[in-house]
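Novice: This is the structure, below, for whatever I ask next.
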Amino acid sequence: MGKFKSDFLRILDERGFIHQISDPEALDEKAARGPITGYIGFDATASSLHAGSLLPIMMLYWMQQTGHRPVALMGGGTTKVGDPSGKDETRKLLSEEQITANLKGIKQVFSKFLDFGPGKAIMANNADWLDNLNYIAFLRDYGRHFTINRMMTFESVKMRLEREQPLTFLEFNYMILQAYDFLELYRRENCVLQMGGSDQWGNIINGMELIRRVEGAQAHALTSPLLTTASGAKMGKSVGGAVWLNADLLSPYEYWQYWRNTEDADVGRFLRLFTTLPLDEIARLEALQGAEINEAKKVLASEATAMLHGRKAAEEAAATARKTFEEGRLGEALPTFEIPASSLEEGLGLLTAMVTAGLARSNGEARRAVKSGAVKVNDEKAADERMMLTPDHVNADGVIKLSFGKKRHALLKPV
């Protein structure tokens, strides 16, 4: 007999999603008896979520797949305050217009993973209740349930104080507002579970306690491990910046490449977390050795890309990579950046071109790449950092191909 009776917790456990559960037996019992409702909150701090948000999204996915009702809670209200968790400085405050635009951007992703509609997954926005709170009444009704003593023990608070970084009263209120979100969702949707990263444990426990004190009911907390790569890099970041989930910020091909470049030691773990492949198939792929592990990475890349951008986009990305890297031909779907034809007539500096194509974040980074021999123009090594690109560099396909290392490529197209 397995550790859990409910399919929901069993799958999360087997695939590596669980870090802590407040009362595992009671939650498992509820989930085994019938559908439960659980939520995860997503603040609108950017116009797209990035790959670091995939783990909580996949938790909601498996919740629905095992017969339960997930709630994706948009932080239209809490984004105005800013979550201090995991930060040692105050987040930049966003305007109402920025938050509205960001919410529109991040909502696009969820329909790829969740099925919304009557009786199905729910998308909510905490601005619906937080924007209209009466501050005095709110403090009187709920503020008395929170002690400064308890809040000072939370890691997010201790870290800021230990580093002698200011923690504003605005941010201090965030944990109370998040707790109130849990209470509101319990009242509105009979939501009994809040999930999140392990840095959210204290905030989630606050919400559980508030529901217990105000409603006399038991709610539950479940957190996932904070994810880093085998080399310690933060999930969702790459050399070129954030790995965005929206296709207008990162193409399906670049997204596919991000997963293709996974470190060997992470392949099995990422297949369990970010794909729906059966565990026995993952075990087979994870056991591949030497150069064969690259086949497992391609499977990871294609499965992860298919979940977000669709199977057709994943197949096109894989085909482009095959043409580019294995067959030595120019792939059609490589990231393409238009440049004025006149800039080539005048001579376009290679370093500037590298930054324009997103292959380097600065001229300095591009210069170092050229000096190390990592840069190619039309598959020929560029040895001079002062190299100027001219119309003579435009190839038969009407583009200039730039490469940084073996795996990162982009096209410049004069217009």
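Novice: Compute the projected area of the convex hull of the Cα atoms of the range 257-384, averaged over all viewing directions, and report it in nm² to one decimal place.
Specialist: Over every viewing direction, the Cα hull of the range 257-384 projects on average to 9.7 nm².
Novice: Using only the alpha carbons of the range 1-67, determine the length spanned along each of the three principal axes and report them from longest to shortest in whole angstroms.
Specialist: Principal-axis extents of the range 1-67 (Cα, largest first): 43, 22, 21 Å.
Novice: Figure the gain on full extension for residue 323 and residue 346 (residue separation times 0.36 nm, minus the Cα-Cα span) and round it to one decimal in nm.
Specialist: Stretched out fully, the residue 323 to residue 346 stretch lengthens by 5.1 nm.
Novice: For the range 84-202, compute Rh as the Kirkwood radius over C-alpha pairs and then the Stokes-Einstein diffusion coefficient at 25 °C and 0.890 mPa s; write the answer in µm²/s, rounded to an integer.
Specialist: Answer from the Stokes-Einstein relation: 147 µm²/s.
Novice: Treating only the Cβ of Lys, Arg, Asp and Glu as charged (+1, +1, -1, -1), what charge dipole size does the chain show about its Cα centre? Round to the nearest 20 debye.
Specialist: Dipole magnitude for the chain comes out near 280 debye.
Novice: Report in % the part of the accessible area of the chain that belongs to carbon and sulfur, leaving out ligands and nucleic acids; probe 1.4 Å.
Specialist: 49 percent
Novice: Determine one quarter of the surface area of the Cα convex hull of the range 171-328, which equals its mean projected area, and express it in nm² to one decimal.
Specialist: Quarter of the Cα hull surface area: 12.5 nm².
Novice: Continuing with the same structure: With Kirkwood's inverse mean 1/r over C-alpha pairs for Rh, give me the Rg to Rh ratio of the range 126-184, two decimals please.
Specialist: 1.00
Novice: Which one, 198, 53, 362, has the greatest fluctuation when you compute a Gaussian network model over the chain with C-alpha springs under 10 angstrom?
Specialist: It is 362.
Novice: Related question: Checking the table 323/401; 376/413; 297/406; 3/112 against a 20 Å threshold on Cα-Cα, which pairs fail?
Specialist: 3/112
Novice: Now a separate question. Normalised by the empirical 2.2 N^0.38 Å for globular proteins, what value does the Cα Rg of the chain take?
Specialist: My calculation over the Cα atoms of the chain gives 1.11.
Novice: Residue 32 to residue 150: FRET efficiency via 1/(1 + (r/R0)^6), r the Cβ-Cβ distance, R0 35 Å, to the nearest 0.05?
Specialist: Computed FRET efficiency for residue 32 and residue 150: 0.60.
Novice: How large is the helix-only mean residue ellipticity at 222 nm for the chain, computed as the sum of -39500 (n - 2.57) over DSSP H runs with n ≥ 4, divided by its residue count, in deg cm²/dmol to the nearest 500?
Specialist: That calculation yields -12500 deg cm²/dmol at 222 nm.
Novice: Given the options 144, 33, 15, state which has the largest fluctuation in a GNM of the chain using a 10 Å cut-off (strictly under) for Cα springs.
Specialist: In the Gaussian network model the winner is 144.
Novice: What whole number of Å gives the distance from the Cα centroid of the range 359-384 to the Cα centroid of the range 56-73?
Specialist: Measuring centre to centre over Cα atoms gives 44 Å.
Novice: Moving on. Modelled label-to-label distance, residue 246 and residue 104, 7 Å Cα→beta-carbon offset: nm?
Specialist: Going by the 7 Å Cα→Cβ label model, 0.9 nm.
Novice: For the range 228-319, restrict the atom set to alpha-carbon positions and state the Rg and Dmax in Å.
Specialist: Over the range 228-319's Cα set, Rg and Dmax evaluate to 12.6, 36 Å.
Novice: Further question: Quick one: Cα centre-to-centre distance for the range 102-167 and the range 185-213, in angstrom?
Specialist: If you average the Cα positions of each part, the centres end up 10 Å apart.
Novice: For the range 373-415, rounded, prolate or oblate, judged on the Cα gyration tensor with a ≥ b ≥ c (square roots of eigenvalues), a/c < 1.5 rounded, else prolate if a/b > b/c?
Specialist: oblate
Novice: Who wins for biggest fluctuation among 353, 72, 313 in a Gaussian network model of the chain, springs between alpha carbons below 10 Å?
Specialist: 353
Novice: Given N residues in the range 333-403, what is its alpha carbon radius of gyration divided by 2.2 N^0.38 Å?
Specialist: Dividing the Cα Rg of the range 333-403 by 2.2 N^0.38 Å gives 1.01.
Novice: Please calculate how many Å² of accessible area the chain carries per residue, with a 1.4 Å probe and no DNA, RNA or ligand atoms counted.
Specialist: 47 Å²
Novice: Suppose every Lys and Arg Cβ carries +1 and every Asp and Glu Cβ carries -1, with no other charges. What dipole size does the range 209-276 come out with about its Cα centre, to the nearest 20 debye?
Specialist: Roughly 180 debye for the range 209-276.
Novice: Treat each spin label as a single point 7 Å out from the Cα along the C-beta direction, and report the residue 97 to residue 19 distance in nm.
Specialist: Calculated label separation equals 3.7 nm.
The values are calculated or read from the model by the stated rules, or taken from the named source; none is laboratory data. The model shown is predicted, which means the values in this text are computed figures rather than measured ones. No Cβ is skipped: glycine too gets one built from the backbone with ideal geometry, and neighbour counts run over all protein chains shown. Only protein heavy atoms, including side chains, enter the accessible area calculation; ligands, DNA and RNA are left aside. Shrake-Rupley method; radii C 1.70, N 1.55, O 1.52, S 1.80 Å.
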